[in-house]
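The values are calculated or read from the model by the stated rules, or taken from the named source; none is laboratory data. Every value quoted in this text rests on a predicted model; they were computed, and no experiment measured them. Virtual Cβ from ideal backbone geometry, glycine too; neighbours counted across all protein chains shown. Ligands, DNA and RNA are excluded from the accessible area calculation, which covers all protein heavy atoms including side chains. Shrake-Rupley method; radii C 1.70, N 1.55, O 1.52, S 1.80 Å.
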Amino acid sequence: MTCPVSPQGARSVDVTSASSSESRSAVARFERVGGSVLFGLFGVGLFDQPMLPPVSAALEATGRTRYQPWARAVRTAAADQLIYHGEDADRDAESQRLMLLHRDVKGVGPDGERYSAFNPQAWNWILYSTFFVQRGAYLALTGDTPSAAADQAIWEHYLAKTRGLHLPGNSQPIANYADLTVHYDRMIAELRTTPALEAATSAVRRSPRPDFLPGVTAPLWRVSAPALGHVAMILGCGIMHPEVRAKMPIIWTARHDRQFRALTTALRIAYTRLPATLTDSPMARNRRKYEQLVGRYRKVGLTSFAPDTRENRRVTAGPDLVST
């Protein structure tokens, strides 16, 4: 079972270790998983977000999670791609847009408590949840067991990507990964089975046909939707912290454990053996192609602009191009 946090093994690390080869490799694999279309299969792992009452109240106030689940999911995925895989300018612009729009997310919940998107506890909870879902998918798809240094490097990488979404001052996200796992464990006590969670779970189990699928697919969708929803629930709940999963409106059994292991084994094989061009999201595929072209163009350049000598010409042009 891949759980988002394991405080028993967490410990403070020297952040300079993030420059090690092992850490850089872990960050690269973490990044690739985040840019894979297979990552979306673990989306139910995000359901720890509406378990926090003020987040549930905000989601219920708009009704978009309850009545427009697919549209909201598509918008969230698009924003994530811009922030995690876009160029710096596009990432910053999307972050500013989201910060601006969330100013309107405030009110009074059913429990009489006021809520605001910019409440530091609620705002950072979204960032933490999203990170742990990506980390859980990363572990499931790669089979990695990152060291403490690698976990710190991955977390720092995520913080750098989301810097435009950080609140100022003392409200900034936790910097140390070990401290983050402790905080996550403490937050579990605040989580509840909320109306927004029940609505989100129902949307997965009895999902309406997405608007982006043509009407002729309706019969096929009715037949396949329950099985697809079950797979999504198994994968998303499988990467949850066990105490969080226990608060889901489902009963997790040993059979679900076996299904999770079977599904992640199959996905790991697909992720490992299929070409990245098939599993990458459009944004990640474009970014990968761009980086490959940059590498090729850089290889064309000279290593020095000093005047050519006979020896230099032999090195740069090759013996067959040098007159004798």
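Each Lys or Arg adds one and each Asp or Glu subtracts one; over the other residues with Cβ under 15 Å from the Cβ of Arg206, this totals +3.
Taking all protein chains together and a 1.4 Å probe, the residues Lys289, Lys299, Lys247, Lys106 rank Lys299, Lys106, Lys289, Lys247 from largest to smallest accessible area.
Helix-only estimate, please: 222 nm mean residue ellipticity of the chain, summing -39500 (n - 2.57) across DSSP H runs of length 4 or more and dividing by its residues, to the nearest 500. If you can, show how the numbers build up before the last one.
Details: 15 runs with 194 residues, N = 324.
The per-residue figure over the chain is -19000 deg cm²/dmol.
Heavy-atom surface analysis with a 1.4 Å probe gives the range 53-161 a carbon and sulfur content of 55 percent of its accessible area. Over the chain, Cα pairs under 8 Å with separation of 6+ residues give a relative contact order of 32 percent. Per residue, the range 152-246 exposes 48 Å² of accessible surface when a 1.4 Å probe is rolled over the protein heavy atoms with every protein chain present.
Largest accessible area first, the residues Ser21, Ser116 order themselves as Ser21, Ser116 under a 1.4 Å probe with ligands, DNA and RNA left out. In the complete set of protein chains, residue-level accessible area for Ile174 is approximately 40 Å², probe 1.4 angstrom. Counting only aspartates and glutamates at least 8 places from Lys161 when in the same chain, those with an alpha carbon closer than 16 Å to its own are Glu31, Asp80, Glu87, Asp88, Asp90, Asp92, Glu94, Asp151.
Could you order Thr217, Thr145, Thr272, Thr162 by accessible surface area, starting with the largest, using a probe radius of 1.4 Å?
Greatest to least solvent exposure: Thr145, Thr272, Thr217, Thr162.
Taking 26 Å as the straight-line reach from the Cα of Lys247, the lysines in range (excluding those fewer than 8 positions away in the same chain) are Lys106.
Under 8 Å for C-alpha pairs, at least 6 residues apart: give me the relative contact order for the range 105-184, rounded to a whole percent.
Relative CO of the range 105-184 lands at 25 percent.
Using a Förster radius of 35 Å, what is the FRET efficiency between Gln121 and Arg298 based on their Cβ-Cβ separation? Nearest 0.05, please. Calculated transfer efficiency: 0.15.
Partners of Lys299 within straight-line reach, counting lysines whose Cα lies under 16 Å from its Cα and excluding those fewer than 8 residues away in the same chain: Lys289.
Scanning the chain for chymotrypsin sites (Phe, Trp or Tyr not before Pro) that sit in a DSSP loop and have at most 14 other Cβ atoms within 10 Å, the longest stretch containing none of them is 1-117. For the chain, set up a GNM with springs between Cα atoms under 10 Å and report which of Leu302, Leu38, Leu59 has the largest fluctuation. Ranking Leu302, Leu38, Leu59 by mean-square fluctuation puts Leu302 first.
For the range 175-253 versus the range 259-305, the inter-centroid distance based on Cα atoms is 28 Å. Dipole of the chain computed with +1 at Lys/Arg Cβ and -1 at Asp/Glu Cβ about the Cα centre; of Pro168, Ala153, Thr142, farthest Cα towards the positive end is Thr142.
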